[in-house]
Structures are given as C-alpha cells and as structure tokens.
Amino acid sequence: MEENNGNIIENQNSSVTVLEKTEKIETEQEKNIKTEKKSKLKIILIITVITLLIIGLFSTIFAVINIGNNKIIKGMQIAQIDVSNMTQDEAKKILEEIYLAKTQNEIYFTYEKFESTTTYETLEVQYEIENAIKQAYETGRNGNLLKDNFDILKSLIKGTQIELEVTIDTDMINQVIQNINNTIEGAVIQPSYYIEDEKLIITTGKKGLKVEEKQLIEEIYKIVKGNTETQKITIPLITSEPDEINIEKIYEEVYKEAQDAYFTKDPFMIYPEVDGIKFDIENAKLILSEQKEEYEIPLIITKPAKTTKDLGTEAFPDLLATFSTQYKTSQVDRTTNLRLAANKINGTVLLPNETFSYNKVVGERTVAAGYKEAATFVGGKVVDGLGGGICQISSTLYDAVVMANLNVTVRRNHQFVTSYVGAGKDATVVWGSQDFKFVNSRKYPVRITATVEGGVATIQVWGIKEDVEYD
C-alpha cells in the first residue's frame, strides 16, 4: 500500500512538471507572436513614413518645378486641341485662329425636298475661349499641394480634356425655327393677324408639321461645339394642332395710346408719333364665335395731332443722302412687294446709336401680310418666291445708308450681280437667316423716307449735317 502511494505521488509530480513545461512553451510562443506583431508594425510604420517622405519629396519637386511656371501643364486639351506647355496668350491665339474662322460656316437644315441654311455669324455663335483657357491654366494651381500634384500627375498620365462652352443668340435660333415653320411643306399654320384699313384681320390656323424645338436646338449646339465637317441637320418635326385664337393677348399687342411726335433741342432728340389703336373685346369675341377661316374686327384708331412730317425742317433740315433704283411696272406682283417693304421703312426715325434691322422693320414676308409670289434668287437661280423683289429695297437702302455715312454692321451681297445696282452694291435679306443692319452713327437723329412710284424706288436719309460730310 505504501508502495502504491509512492507511485501515485511520483506520477503526480511528473504531471506537474509536464504542465509547467507546457505553460512555459506557450508563454514563449506568445512572446514570439507579440514580437512578430511588433516587428510587422514597425515595418508598416517605416514603409508608411518612407511613402509619406516620397510623396512629400515628389510634392516638393512638383512645387519647385511649377514655381514661376507660366505655362499650361502637359496633357491639357481644350476641345480636343492640345494646349500643353503654352502660355495663355499662345493658347488664345491658336484657339481664336481656329474658331474665328468658323464664322462663315453654314448649317444646312433639310427635310425631304426642303432645305434651308444659316451661318454661325447669323446665329451670333460665341465661343467662351478665355474661360476655357483660364480653367486649363488654373489646373494644378489651386493652392492645395496634394490636389495640385494629383491633377498634374493625372494630366501627365491620362491627359485632361476641357470643354469649350458655346453661346448662341436665342432670338436668332427662334428666327431659324420660325423660318422653317413658315416655309416647310405641310407646316402647321398658326392663327395670325394684321391691321389693314382700320380693321384687324384674324385668320384661323390649320393642323400640320412644326419643328421639335428642343431637339433642333440640341442638334445646332452639337454641330457648333464639334470639329466635324458635317454641318447638316435633318429637321426634327412633330404633328401639331394650331393654337387657339387668344383675343386678350392680341388686344394687349395691338393696343396703343396716341402720342404726338415732338423733338427737344437740348439735347436734340426726335420722338415719333404713335397712332392710338384699340377695339371692343366683347364685340370681337362675338365675331370669333362664328366658324370662319378669317375674321374682321373693326378698330378704333385715334390719330395724333402732330406727326414727324409736321416737325418740319427744324427736326430734319438736311438731305444727307438719296439713292434710286429702277423696276418694271409691268411686273405687278413684284411691284406690290416693293411697295409693301418701302411703306414699312418710310418715316423710320433712328436716334443716335440706334440699330436698324431690315427684318425687324419690314417684318415677316407672308401671304397674310399681303406679299405676292415674284421672281427671287435662291441657290444661284431665279425662281418664284413669296416676297420676291424686296432685296431691291434693301439694296437701295444700303446705298443710301453708305452715302449718309452710317455704320453698316450686317450686310451680305448676292452671289451674282443684280440688275438694279452695280456689283457689290446690293444687300440680300432672307427672313430667319440673313438680315441687313446698320447703326445711326451720326450725332443727331435721322429720318428715312422710301417711295416706290413710276418705275423708280427711292430712299432718302434726312437729318442735320455735321462738320465733316462726304460726297
């Protein structure tokens, strides 16, 4: 029994020894793991420090390189045009050479047999060159060292593309759209009105095609923004019902208070007369309740006591210029068009620095306005067209304006010599695509008279002579 107890004690002692050894081994392994972890952390810390040092070093190098550098960074493009390592002036010169040359580019609008054109100049296309160059130059120069260097590296590796923003005159786009809507075959006919012999004539509209404006505008911007040679747009059209006749809106547009013409001497200013115009809205609504294609609304006209003609020689004492062209009285429809255009211009008074727009003054050439089909020039050929002949009035006006020493701002001659003026002395006009404009660049107001009588169309410019005049 004692012997067995001794064995048990001995075995217990052995177990304790093994356990102690196992614990020691586990403790050593834990120490080793901790040591390894510390070593790894040290390595990661060292790598991080080295990486930060490298980044800081490169940042410093980039900063040093770009200090005093007045050129655009490498890899920079504006509208696919490389402007790397250029000064702002150098980039501006190149971009202006490219984009100023586009002013005479033509955009063709087509639909089946219909075709119309306009130019970048007519649309008053403007490229925001300076803004794009500023954006290109400031890339890598924002003041944030890390961001600047990131932008520089990105541009070096992948390149940077900056868009060239474009603006187009909204009124000119609307003129293009109106021109298409008015002339395309099968176009929707909107209600319209005009004044004739103290009557307001209102015509109803008809269902038809019209331009999908948003899509067409997007197509125009796509062309003027791009550098492609394709300048043709297939006109997007939709079928549309005409608008309802809005008699209240027509009244607001027609209504005028009568005003006498007058002038002041200090400063010298001319204020033309205005006819008073109004009509009975309730009576007009009653007339419109009938189902008709055309309605006549009687107008109430109040004449001013004094017109510009009554101002006498004190207001426009001097004949500054006169120019005449001849036409064939046998061409009745063409003569009608000449008279309509001349009557719109006759009596026009322009204040100093005021702009005259032929299309704005004469208005749209439509059947409703009384224009007839007559010979006109289209695409280098003589064809019958609505309003044919009005270019003779614009050309006669152009020569009188030149002789009066007024500043012509928009003018384009025909592709060939006309029969009524010499080469290069004409001014072509097309509603919605080509206008004739000039500015009263004189010190005092001028008055334009226009007559079409006995085979002679005459334009005269009256005003006050200045110290220097030209024969």
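The values are calculated or read from the model by the stated rules, or taken from the named source; none is laboratory data. Treat the numbers as computed from the prediction; the structure is a model and nothing was measured. Glycine gets a Cβ as well: all are built from the backbone with ideal geometry, and neighbour counts include every protein chain shown. Areas reflect the complete protein model, heavy atoms only, side chains present, ligands, DNA and RNA absent. Shrake-Rupley method; radii C 1.70, N 1.55, O 1.52, S 1.80 Å.
Quick notes
- For THR117, solvent-accessible area (1.4 Å; no DNA, RNA or ligand), Å²: 50
- Segment 245-295, accessible area per residue, ligands and nucleic acids excluded (1.4 Å, Å²): 69
- In a DSSP loop and with at most 12 other Cβ atoms within 10 Å, the GluC sites (Glu not before Pro) in segment 218-267 are GLU229, GLU244, GLU257.
- Farthest positive-ward along segment 325-471 dipole, Cα basis, beta-carbon charges - from GLY347, MET403, THR366: THR366
- Surrounding net charge for ALA79, when Lys and Arg each add one and Asp and Glu each subtract one, Cβ distance under 10 Å: -1
- log₁₀ of I(q)/I(0) at q = 0.12, 0.18 Å⁻¹ - segment 119-226, Debye sum with one point per alpha carbon: -0.66, -0.97
- Accessible surface computed residue by residue for segment 317-368, with neighbouring protein chains in place and a 1.4 Å probe, gives 49 Å² per residue.
- Just the protein heavy atoms count here, and of the accessible area of segment 209-267 at 1.4 Å, carbon and sulfur take up 45 percent.
- Projected label distance in nm at SER441 and LEU319, using a 7 Å step from Cα toward the beta-carbon: 2.5
- Dividing the alpha-carbon radius of gyration of segment 175-275 by the rule-of-thumb value 2.2 N^0.38 Å gives 1.64.
- All lysines inside 25 Å of LYS285 as judged from Cα atoms, apart from same-chain residues fewer than 8 positions distant: LYS199, LYS206, LYS207, LYS249, LYS256
- Protein heavy-atom surface of segment 401-450, 1.4 angstrom probe: 48% of the accessible area is carbon and sulfur, with nucleic acids and ligands not counted.
- Accessible area in the full protein assembly, largest first, 1.4 Å probe, for TYR358, TYR271, TYR127: TYR271, TYR127, TYR358
- Per residue, segment 115-161 exposes an accessible area of 59 Å² to a 1.4 Å probe, with every protein chain left in place.
- Dipole-positive endmost among TYR193, ASN179, VAL166 within segment 142-210 (Cβ charges, Cα centre): VAL166
- Per-residue SASA entry for THR366, accessible area with 1.4 Å probe, Å² rounded to 10: 40
- Distance violations [Cα-Cα > 31 Å] among LYS210/LYS425; LYS147/LYS232; LYS93/LYS222: LYS210/LYS425; LYS147/LYS232
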